[in-house]
Amino acid sequence: MRWSEAFIPTLREAPKDAVTVSHRLLLRGGFIKSLASGIHTYLPLGWRVLKKVMRIIREEMDRIGGQELHMPALTPAELWEETGRWEEYGDEMFRVKDRKKRDYALAPTHEEIITELARKEIRSYRDLPQIWYQIQMKFRDELRPRGGVLRARSFLMKDSYSLDRDWDGLARSYELHYEAYTRIFERCKLPAVVVEASAGIMGGSESHEFMVLSESGEDSLVICSCGYSANTEVGEADPVPVEFKDGELKKVHTPVEGTVEKITEFLGIPAYHLMKSLMYVHEGKPIFVVIRGDYDIDERKLVSIFPGIRPAHPEEIKEWTGAPAGYISPVGLNIPVYADLSLKGGKGLTSGANEEFYHLTGISLERDVKVKEWVDVRLVKTGDRCRRCGKEVEVRRAIELGHIFKLGTKYSEAMRATFLDRDGKEKPIVMGSYGIGVERIMATAIEVYHDENGIIWPISIAPYEVILLSLNPSNPEVRETAERIYRELGNVEILYDDRDEQPGVKFKDADLIGIPVRVVVGERGLKRGVVEVKKRKEKESVEVEPGKVKEVVMKMREELYGY
RNA sequence: CGGGGCGUAGCGCAGCCUGGUUAGCGCGCCUGCCUUGGGAGCAGGAGGUCGGUGGUUCAAAUCCACUCGCCCCGACCA
């Protein structure tokens, strides 16, 4: 492709709304264009990347026996009502009505549709197993789209579904997907870690996520050097053990701001000898949740234990305890107390005295607080202890690229998708569901591979393999040499920058869009009979005679592919 | 949904507080000249319902009210 004829609208400055590295570079490089919040157009360059990603996905899905099909995105409400997800999905589901006022959903996922297909078509155990997949736009009205393409409201997903006779069969299908996913991310040069995850609205028994560590990620992982890793939403780790020293209950004057920092500094005590007392409202009534001072509460855990819980308002706290938030504790109050496990055995603790500028020291949970229930609501953090090996774990941000679920018979039972087994009995199909975010692979590759000048694509998903710069096309020798090289490299994916632009512009653009191999034809080199070839990720270029360019380029290309 | 911020030309911004003629600047875009190894220079030019609606006023980008959109931080998910 000649750049002079291509539609590659690069930007010198990124739109101010783009904050995430991948979002900025995708916008600046002319890969995507945003249409509305979380909705994007994929421009020619971006679409080339996505097509390559999809090709890799298809090859690996086909390799495990997957068969590609394509389901509608517009789906009748009745199907979703059968499984209860018409209600369960809530506001995240885009809903439309037809002219007869019948309800439809723009599918956020396709379990119901695949199960409908299976129950109509699968009769006998002889029809199983099956792996069916598709790559398609999904629609989810996300609470908050973010990071450009990282969390979008319409996005491409490869979703596959396995249909098996029994749980052993499901285990095999699951394993096959695990392997396919591993290969897909390897081929995209993305270092994915596999973690245990929660199944959420999908349901089912077991699920794993394929994650890539990145500060732009929205998930956080607990990682231990012993090999244990999990999403913090299901991750287990023990609090750092500390010693509690018993003491007498005393009221002390604390004329400072009621924050953990200020109070511990004023009293000269470590944060873990503080009992953080927080008030929430659950089912219309106040409750206390207490946790060790060096920890925070994981609101996700809290909500799963106390559905519908909300933090108490400042006025409510004042009314119930007589003090502002920084000076409260359950001691002496008749309000139910839920204590986090980090406080197990807690004594000699400091917490509010329910009077502004006063705290209590020497609190013993056993003696002074009526704990209604011990709960695990602690936000796991770096330094916590691995439950398997006892070593310190690390908490890191990550991007979720893929998620696999063992659904079991949740959908097949709800929708009566059954088959007749060898023994003549009717049994529900045992199902699995598996997803990959296509644009996320593109964005994550940028998050992982970029420098201050732009993207450095892994060659397997680069929009072009080679970029050829003709530094001064008005010089006949430069132009002719570049044209000749362009023709010679006709069988690789090459972008030929033949524009009438300053050299600087071409260098900057080439770096920005991140093509892995760059060939430069310029006057300066030609005077010495050479052109330059360079990998995007390397600093130094090699000088080669024009006649040898093809050979050198092909070699670099192979190195990059890792053949 | 809670918290924070932003809407002025394709992109980045100034002007608004303290209302007052044709609403500015840089980049980009068009024409010509010139230039050609890391986003050149000169000259000329095109491009705006100042997010929208309503109000205050002789007069609104500027003040007030409502509204829509977008981004960021938190609770959900590929």
Rounded to a whole %, the carbon-and-sulfur portion of the accessible area of region A:464-561 at a 1.4 Å probe is 45
Using bins 5 angstrom wide from zero, how does P(r) for region A:1-137 break down, in % of all Cα pairs?
2, 8, 13, 13, 13, 14, 14, 11, 6, 4, 2, 0, 0
Write down the percent of antiparallel bridges among all DSSP beta bridges whose residues are both part of region A:464-561, to the nearest 5.
45
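Test of understanding: what is the full-extension gain from A:Leu341 to A:Ser4, defined as 0.36 nm times their sequence separation minus their Cα-Cα distance? Don't skip to the end; give the middle numbers.
Values: separation 337, 0.36 × 337 = 121.32 nm, distance 6.49 nm.
Extra length available between A:Leu341 and A:Ser4 comes to 114.8 nm.
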Using a Debye calculation, one point per C-alpha and no hydration shell, please list log10 I(q)/I(0) for region A:179-271 at q = 0.10, 0.18, 0.19, 0.21 Å⁻¹ in order.
-0.53, -0.92, -0.98, -1.11
Which FRET efficiency value, to the nearest 0.05, do you get for A:Leu420 and A:Arg95 by plugging their Cβ-Cβ distance into 1/(1 + (r/R0)^6) with R0 = 41 Å?
0.65
Size of chain A along its principal axes in angstrom, Cα-based, largest extent first?
91, 70, 52
Against the longest alpha carbon principal axis of chain A, how many degrees, from 0 to 90 and to the nearest 10, is the axis of helix A:476-488 turned?
70
Roughly what would the spin-label model give for A:Asp296 and A:Glu78, points 7 Å off Cα along C-beta, in nm?
4.9
Based on DSSP, what percent of beta bridges with both residues in region A:250-375 are antiparallel, to the nearest 5?
70
Across bins of 10 angstrom width beginning at 0, how are the C-alpha pair distances of region A:350-457 distributed, in whole percent?
10, 15, 19, 20, 18, 15, 3, 1
Treating each Cα of region A:250-375 as an identical point scatterer and ignoring solvent, apply the Debye formula and state log10 I(q)/I(0) at q = 0.13 Å⁻¹.
-0.46
Can you tell me the 0 to 90 degree angle between the C-alpha axis of helix A:44-63 and the longest principal axis of chain A, rounded to 10?
80
Once ligands and nucleic acids are excluded and a 1.4 Å probe is used, how much of A:Arg378 is accessible, expressed in Å² to the nearest 10?
10
Charges only on Cβ, +1 for Lys and Arg, -1 for Asp and Glu: so what's the dipole of chain A about the Cα centre, in debye to the nearest 20?
920
Which are the unpartnered cysteines of chain A, meaning those with no other cysteine Cβ under 4.7 Å from their Cβ?
A:Cys188
For an R0 of 56 angstrom, estimate the FRET efficiency from the Cβ-Cβ distance between A:Arg487 and A:Glu142 and round to the nearest 0.05.
0.75
Accessible surface of region A:250-375, 1.4 Å probe, proportion on carbon and sulfur as whole %:
52
Positive end of the dipole of region A:250-375, charges at C-beta (+1 Lys, Arg; -1 Asp, Glu), about the Cα centre: which of A:Pro286, A:Gly345, A:Ile309 has its Cα farthest in that direction?
A:Gly345
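Compare the peptides A:324-330, A:531-537, A:267-273 by average per-residue count of other Cβ atoms within 10 angstrom and give them in order, highest first.
On the way: A:324-330: 22.4, A:531-537: 19.9, A:267-273: 15.7.
Descending mean neighbour count gives A:324-330, A:531-537, A:267-273.
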Does anything in region A:463-495 have its amide N under 17 Å from the 7 Å Cα→Cβ label point of A:Tyr563, and if so which residues?
A:465-466, A:489-494
Tell me, what is the FRET efficiency for A:Glu452 and A:Glu121 to the nearest 0.05, using R0 = 56 angstrom and their Cβ-Cβ distance as r?
0.55
For region A:360-454, dividing by residue count, accessible area per residue (probe 1.4 Å) in Å² works out to 44
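Calculate how many DSSP beta bridges within chain A are antiparallel, expressed in % of all such bridges and rounded to the nearest 5. The partial results should precede the final answer.
Numbers: 90 of 112 bridges.
Antiparallel bridges: around 80 percent, rounded to the nearest 5.
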Using a basic spin-label model with each label point 7 Å from the Cα along Cα→Cβ, how many nm lie between A:Glu551 and A:Glu179?
4.1
Directionally averaged shadow of region A:464-561, computed from the convex hull of its alpha-carbon atoms, nm²
5.5
Cα-based helix-to-principal-axis angle, A:503-513 vs chain A, degrees rounded to 10
50
Fully extended, how many nm does the chain gain between A:Val256 and A:Glu392 (0.36 nm per residue separation, minus their Cα-Cα distance)?
45.6 nm
A chain fully extended from A:Asp238 to A:Lys539 at 0.36 nm per residue, minus the present Cα-Cα distance, gains in nm 103.8 nm
Between A:Phe507 and A:Phe266, with labels modelled 7 Å along Cα→Cβ, what's the label distance in nm to one decimal, could you check?
6.0
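Given the rule -39500 (n - 2.57) for each run of at least 4 DSSP H residues, summed and divided by the residues of chain A, what is its mean residue ellipticity at 222 nm, to the nearest 500 deg cm²/dmol? The partial results should precede the final answer.
Numbers: 16 runs with 156 residues, N = 563.
One gets -8000 deg cm²/dmol as the mean residue ellipticity at 222 nm.
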Would any residue of region A:488-505 have its amide N under 13 Å from a label point 7 Å out along Cα→Cβ of A:Leu11? List them or say none.
none
How high is the relative contact order of region A:399-527? Use alpha-carbon pairs under 8 Å, at least six apart in sequence, and give a whole percent.
25
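The values are calculated or read from the model by the stated rules, or taken from the named source; none is laboratory data. Note that the coordinates shown come from a computational prediction; the quantities given were computed from them, not determined experimentally. Counting neighbours? That spans all protein chains shown, and the Cβs are built from the backbone with ideal geometry, glycine included. When the accessible area is computed, the model is the full protein with side chains, heavy atoms only, and any ligands, DNA or RNA have been set aside. Shrake-Rupley method; radii C 1.70, N 1.55, O 1.52, S 1.80 Å.
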